[in-house]
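Input: a single structure, listed below in structure tokens.
The values are calculated or read from the model by the stated rules, or taken from the named source; none is laboratory data. Worth saying up front: this structure is predicted, and the values here are computed from it rather than measured. Note: ideal-geometry Cβ built from the backbone for every residue, glycine included; neighbour counts use all protein chains shown.
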Protein chains: 2
Amino acid sequence: MNRTGVDIDRGNACSACAFEWAARTFSCREGRLGRPIPLEQGGFANVLAVNGLRVATSSDGIGTKAELAERTGVYDSLGFDLVAMVVDDLSAVGCEPVALSNVLDVDRPDPAVVDRLMSGLHDAATQARVVVTGGEIAELGRRVGGFGNGMRFNWSATGLGIFADGASPIDGRSIEVDDAILSLRSAGFRCNGFTRIRGVLSAAYGEAWHEEKRSDGTPWGTALLTPSLIYSPVLLQIAESGIRPTGVAHITGGGIPGNLVRVLRACGLGADLEDLFAPHPMMCEIQDLGSIDDAEAYRRWNMGNGMLLAVRPGDLDCALRTIAAAGYEAKRVGQIVREPRISLRPWCPGASRLEFPTQPDKRR
Amino acid sequence: MNRTGVDIDRGNACSACAFEWAARTFSCREGRLGRPIPLEQGGFANVLAVNGLRVATSSDGIGTKAELAERTGVYDSLGFDLVAMVVDDLSAVGCEPVALSNVLDVDRPDPAVVDRLMSGLHDAATQARVVVTGGEIAELGRRVGGFGNGMRFNWSATGLGIFADGASPIDGRSIEVDDAILSLRSAGFRCNGFTRIRGVLSAAYGEAWHEEKRSDGTPWGTALLTPSLIYSPVLLQIAESGIRPTGVAHITGGGIPGNLVRVLRACGLGADLEDLFAPHPMMCEIQDLGSIDDAEAYRRWNMGNGMLLAVRPGDLDCALRTIAAAGYEAKRVGQIVREPRISLRPWCPGASRLEFPTQPDKRR
């Protein structure tokens, strides 16, 4: 176990085991509607063939970010986190997210809190242009824990995406040396690494850490609750402008090395990232408070870069213009190189370059 | 709040609120792939139009039945419960379940336990002929509670179903007076009403109630863990035999009155249920131990009847033969009548007939 209390090795072993069992189910729809589509490099995406159509599913949740709402009493931004986690994974394989079904586990239902959560989910889903097709609110009593005396809850969702006619999943196979890498700026921590964040802040400030002020005067609780930007609308606009990214990495748990590596393995190449967006000041403050080095920080958090896209060099300008017109911040941050490793220059002046191997993904 | 500790009124208010917010998202895919299909009576099923295809989604979880695995150390049957809850809701609207994506929330991951859970999920998914397309294992620490010192977990899933070419959702609108109602026998409690069950048993036997023996000598923990039968394969076979049920009610939380009522409201008719399958002996024992009357028992548990199907009288024999050939138990248990209420004769000789109104579904 590492210092966060999150047991990464056991977690990886569990994910690998779950994937092995899931893969053994794939043959049961051979010759039928809903056959999983094998990837050329031997694995399977969550993509099914249904007549001439390809559909994708993706599941995720907001993790322990829920505690921030319990601490601050602000519940209407978490819907943006939930939608972002689910639909941006779908966008990263190149499909259009169309629907989302959510599961809200609660200790005891509180209609006022559920109203705020679902209001936020509505706002986020509408922004992402996905319909909320269903939902389950499960009352689980002491099986759901949390902070304080209000409703305690865990929240997850599964999204459904559809590929435009003839489109195949984006999996990184067509990436080439010298493809440009651009980054979509994040607004904050999105939904990953909150266990570590809470550990740092409670060690520094005690149990009521969320009420402590950051250097800019905002309480930590409010700052950490910053909702995730939803990138799927801008990815759709890039596709509509005629540009097909050669690879997309949604920067979630594992940070840039943990997520970009999956894309790079498909093409056997590497990435030089020379000019990433700077981490948000609150990320640097957490690093300082917890004496967390850059290597760990970039492995755990998005550090200001919520999504990375590889595009052909000739597509870069048009992609950047499309993103800017959609109101998102992006820039060229690096390029694809022949050496199979991720080389990353942290933002701080004088910081050492970080290198991460593109080792095999343990799920395969 | 009622005697179970489960707050039904607050739960209903939350579900209604969530549905209202979800319904407001439906227009956001107007004119696009994935448009929700409105039902004729004014609501929406979880059914989307995608080109010429109709797809359905459904989310559910195993609820507090997870505690039985924590108490007994037997983890490989819960996959059958999870698959049954999700795919049988899809089957009940008349589509073919094709895929399932699951979310496993854990306090701390234990690879050995995850292996058993996922092994069971594989076996159940293969039986139901659905692929497990994805999964998320979320390590949530103290946000997940449970029994004992092993891995604590909550487990939910979202299924994807597809309608055969030209088929429309089964919603009960075509039900007519004198349609036969047949019941598919359940194997036990499936996944509903476990909070009440635990309350009765812990009051009767104390904290280690799962080790106490039932009248037939089996421990309560083992008996209650009886896996749910998965009905979707037999519903597919009924469809393949050329029979289209006019209405299907998957008997989950709310029992026969709570689930059959949704189907009956669509046609404005009622049901006489004269010859239901008897409840399992363990259900009667729980009733006795907790002094639970029939009205409550039939509102809370399936009482031996896991799914009810309305079919044209001329289709009954063929449907029953198809079900028997598939290895499931079924029989004719009643019929559709003009009076808009559910009239139900409990199994016990001499028991009073129960009547339930077909009041408006609060979700609409």
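Worth a mention:
- Residue check for A:Glu40: more than 8 Å from chain B (Cβ to nearest Cβ) and at pLDDT 85 or above: no
- Of residues in region A:19-37 being out of contact with any Ser or Thr (no Cβ under 8 Å at 6 or more places or on another chain) and aromatic (Phe, Trp, Tyr), the one farthest from the other protein chains (Cβ to nearest Cβ): A:Phe19
- The set of residues in region A:111-146 being more than 7 Å from chain B (Cβ to nearest Cβ) and either surrounded by fewer than 24 Cβ atoms within 10 Å (Cβ to Cβ) or of a type in the set (Lys, Arg) (or both) consists of A:Ala112, A:Val113, A:Arg116, A:Gly120, A:Asp123, A:Gln127.
- Filter pass, B:Glu96 being of a type in the set (D, E, K, R), facing chain A (nearest Cβ under 9 Å) and either at positive phi or out of contact with any Lys or Arg (no Cβ under 6 Å at 6 or more places or on another chain) (or both): yes
- Matching residues in region B:274-305 - criterion: being out of contact with any helix residue (DSSP H, G or I) (no Cβ under 7 Å at 6 or more places or on another chain), crowded, with 21+ Cβ neighbours inside 10 Å and under 15 Å from B:Ser343 (Cα atoms): B:Leu276
- Once region B:74-93 is narrowed to residues that are surrounded by fewer than 24 Cβ atoms within 10 Å (Cβ to Cβ) and within 18 Å of the chain's Cα centre (by Cα), the residue that is farthest from the other protein chains (Cβ to nearest Cβ) is B:Ser77.
- Within the set A:Arg321, A:Arg332, the sole residue that is closer than 15 Å to A:Ala278 by Cα and at pLDDT 95 or above turns out to be A:Arg332.
- Residue match in region B:332-351 (condition: in contact (Cβ under 8 Å) with a residue 24 or more places away in the chain, within 18 Å of B:Leu184 (Cβ to Cβ) and part of a helix (DSSP H, G or I)): no
- Selection from region B:306-330 of residues that are surrounded by fewer than 22 Cβ atoms within 10 Å (Cβ to Cβ) and touching an Asp or Glu at 6+ places or on another chain (Cβ under 7 Å): B:Arg312, B:Pro313
- Residue check for B:Arg108: surrounded by fewer than 24 Cβ atoms within 10 Å (Cβ to Cβ) and either outside the structural domain of B:Asn149 (by TED's automatic domain parsing) or in contact with a strand residue (DSSP E or B) (Cβ under 7 Å, 6 or more places away or on another chain) (or both): yes
- Some residue of region A:254-263 being of a type in the set (A, V, I, L, M, F, W, C), under 29 Å from A:Cys14 (Cα atoms) and at pLDDT 95 or above: yes
- Test: residue in region A:25-33 that is touching a residue at least 40 places away in the same chain (Cβ under 8 Å), surrounded by fewer than 19 Cβ atoms within 10 Å (Cβ to Cβ) and farther than 28 Å from A:Trp301 by Cβ: no
- Those strands (runs of 3 or more DSSP E) lying entirely in region A:128-211 with at least 1 residues closer than 25 Å to A:Ala319 by Cα and among the hydrophobic types (A, V, I, L, M, F, W, C): A:153-162, A:180-185
- Of the residues making up region B:7-18, those that are within 7 Å of another protein chain (Cβ to nearest Cβ) and without any contact (Cβ under 8 Å) to a residue 24 or more places away in the chain are B:Asp7, B:Arg10, B:Gly11, B:Ala13, B:Cys14, B:Cys17, B:Ala18.
- Across region A:147-173, the number of residues qualifying as within 23 Å of A:Val234 (Cβ to Cβ) and at the interface with another protein chain (Cβ under 7 Å from one of its Cβ atoms) comes to 3.
- B:Asp115 over 21 Å from the mean Cα position of the chain (by Cα), outside the structural domain of B:Ser186 (by TED's automatic domain parsing), in a helix (DSSP H, G or I) and modelled with pLDDT of 95 or more: yes
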